[in-house]
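The values are calculated or read from the model by the stated rules, or taken from the named source; none is laboratory data. Computed from a prediction, not measured in an experiment: that's the story for all the values here. Note: ideal-geometry Cβ built from the backbone for every residue, glycine included; neighbour counts use all protein chains shown.
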Amino acid sequence: MDVEEVLKLVAREPTEEVLTTQRLARYLEEGVKLKHYIGFEISGLVHLGTGILCMQKVADFQRAGIQTTVFLADYHSWINKKLGGDLSTIKKVAGGYFKEALKLSLKIVGGDPDRVSFVLGSELYEKLGLDYLTTVIKVSMETTLSRVRRSVTIMGRRVGEALSFAQLLYVPMQVADIFSLGVNLAHGGTDQRKAHVIAIESGERVGGYVPVAVHHHLLTGMDISERARELLVKARSTGSREELEEALMEVKMSKSKPHGAIFIHDSPEEIRSKLQSAYCPPREVEFNPVLEIARYILFRDRREPFEVVNMKTGERRVFNSFGELAEAYGRGGVHPLDLKLAVAEELAKLLEPAYKHFREGPGAKYLEELRGIAVTR
């Protein structure tokens, strides 16, 4: 595959930013073997953003011939007090439900789970020992306490929030993971940007190379409030990254807000119920969570027309691209409820393999393990 084709796959939606395209192109032209990674906290059920959007990019990287790795960050989850702050529980869920959910998500979006290396953080640290600690210290020497505090948004914490000392280790550890794995293509949502920038700026001195970072879109939660939407609109208009990150924390789909998150193994009835109650103002295309699902998930690799039925008249309208659907919705040609029902039906079809696997098949045991476990922010 030539350089331009690889760059197109890397930059393809839901990618929003590549730091930097020039460096990536240079690595490709020089024949540098690209090694990707994306890290996940182990913090409960897998929703569309974690499962589908993240794995869309992993599938793209696979198509581009890039080696892919999923890092199951059990120690980071422990530090951030996920799953009740119990490390043994976190490890069990990481190697069971979470790994299974990501593998199935990748398969749904056309990727190959057998071509992904799953790495458990604690196993990597045990293997590297003193070398890993040395890398953490090197990274820490390359940044400041104030910058680490400003970077805690990568762990879903607000700047100025009271933190334990262990939580201040989170950012240096995440950057150290990149170099310890030999990663030269770090991947994550736009909320992971601060950690990746530290890795880029300290790369030569810590790892002897500068990684590329790829950041994808964060799905908006179904229960976004008008106030939160206004904050996001304002942040985008002012160009303030700090304001944008604060707004994204308010609006992004999160497992800690189950009514606003669609999980990959939700039933058709659950999907329909969540979408019917979703925020979806008439004629508003931007920051509309229902249209986001259509854009980033349903239309991404769609080969057949998308049909919307007018529930009042019975008229059926067919859309061949997201652009057509967005244009019609923006001028009031599609009613919000009709859109919600159409999206719910198509999304349920897409997620049917996950629903059957986790509700009726061998994956049911993993969901059972999660019952009764405390899920904290």
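A count restricted to segment 252-286 and to residues that are surrounded by fewer than 23 Cβ atoms within 10 Å (Cβ to Cβ) and in contact with a strand residue (DSSP E or B) (Cβ under 6 Å, 6 or more places away or on another chain) stands at 1.
So, in segment 20-40, exactly how many residues are closer than 26 Å to LYS274 by Cβ and crowded, with 24+ Cβ neighbours inside 10 Å? Residues flagged as closer than 26 Å to LYS274 by Cβ and crowded, with 24+ Cβ neighbours inside 10 Å within segment 20-40 amount to 1.
Looking across segment 208-231, the residues that are over 16 Å from LEU48 (Cα atoms) and surrounded by fewer than 22 Cβ atoms within 10 Å (Cβ to Cβ) come down to GLY208, TYR209, VAL210, HIS215, SER225, GLU226, ARG227, ALA228, ARG229, GLU230, LEU231.
So that you can scan it fast, the table gives a plain yes or no per residue for (1) among the charged types (D, E, K, R); (2) assigned to a helix (DSSP H, G or I):
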position: GLU13; (1), (2): yes, no
position: LEU24; (1), (2): no, yes
position: VAL32; (1), (2): no, no
position: ILE38; (1), (2): no, no
position: SER43; (1), (2): no, no
position: THR68; (1), (2): no, no
position: THR89; (1), (2): no, yes
position: TYR97; (1), (2): no, yes
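Here ALA162 meets the list (1) under 19 Å from the mean Cα position of the chain (by Cα); (2) under 29 Å from GLU250 (Cα atoms) almost entirely, failing just condition (1).
Pairing residues of segment 24-46 that are farther than 15 Å from GLN67 by Cβ with residues that are in a loop (DSSP other than H, G, I, E, B) and at pLDDT 95 or above, at Cβ distances under 6 Å and at least 6 apart in sequence or on separate chains, gives VAL46/ILE264.
Counted as qualifying within segment 102-174 are the helices (runs of 4 or more DSSP H) with 3 or more residues that are in the same structural domain as ASP74 (by TED's automatic domain parsing) and without any contact (Cβ under 8 Å) to a residue 40 or more places away in the chain, namely 121-128, 130-141, 145-150. Each residue in segment 287-325 was checked for being among the charged types (D, E, K, R) and either over 21 Å from GLU16 (Cβ atoms) or not assigned by TED's automatic domain parsing to the domain that holds SER277 (or both), and 8 pass.
For segment 186-210, name all the residues that are in contact with a strand residue (DSSP E or B) (Cβ under 7 Å, 6 or more places away or on another chain) and not in a helix (DSSP H, G or I). Result: ALA186, HIS187, GLY188, GLY189.
No other residue among ALA73, ALA64 is touching a residue at least 24 places away in the same chain (Cβ under 8 Å), touching a strand residue (DSSP E or B) at 6+ places or on another chain (Cβ under 8 Å) and not β-branched (Val, Ile, Thr) apart from ALA73. If you go through segment 117-140 one residue at a time, do you hit one that is at pLDDT below 95 and either closer than 23 Å to THR68 by Cβ or aliphatic (A, V, I, L, M) (or both)? No, there is no match, as no residue in segment 117-140 is at pLDDT below 95 and either closer than 23 Å to THR68 by Cβ or aliphatic (A, V, I, L, M) (or both). As a summary of the residue check, ALA213 satisfies the conditions (1) in a helix (DSSP H, G or I); (2) closer than 29 Å to LEU9 by Cα; (3) hydrophobic (A, V, I, L, M, F, W, C) except for the one numbered (1).
Residues are listed down the side, and each one gets a yes or a no for (1) hydroxyl-bearing (Ser, Thr, Tyr); (2) more than 30 Å from ARG371 (Cβ to Cβ); (3) at pLDDT 95 or above:
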residue	(1), (2), (3)
GLU13	no, yes, yes
GLU16	no, yes, yes
THR21	yes, yes, yes
LEU24	no, yes, yes
VAL32	no, yes, yes
THR50	yes, no, yes
LEU72	no, no, yes
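In summary, THR376 fulfils each of the numbered conditions (1) exposed (fewer than 14 other Cβ atoms within 10 Å of the Cβ); (2) modelled with pLDDT of 95 or more; (3) in contact with a Lys or Arg (Cβ under 8 Å, 6 or more places away or on another chain) with the single exception of condition (2). Of all residues in segment 297-333, those satisfying the criterion of being exposed (fewer than 12 other Cβ atoms within 10 Å of the Cβ) and of a type in the set (Gly, Ala, Ser) are GLY314, GLY323, GLY332.
Of the numbered criteria (1) assigned to a loop (DSSP other than H, G, I, E, B); (2) among the hydrophobic types (A, V, I, L, M, F, W, C); (3) over 20 Å from the mean Cα position of the chain (by Cα), the one VAL183 fails is (3). Counting the residues of segment 77-107 that are closer than 17 Å to MET155 by Cα, at pLDDT 95 or above and within 18 Å of the chain's Cα centre (by Cα) gives 1.
Among the residues making up segment 255-301, those that are basic (Lys, Arg) and within 23 Å of LEU231 (Cβ to Cβ) are LYS255, LYS257, LYS274, ARG283, ARG295. Annotation note: Cβ proximity below 6 Å between a residue of segment 179-205 that is assigned by TED's automatic domain parsing to the domain that holds PHE40 and a residue that is crowded, with 20+ Cβ neighbours inside 10 Å and of a type in the set (Phe, Trp, Tyr) (sequence gap 6+ or interchain) occurs for LEU181/TYR37; VAL183/TYR37.
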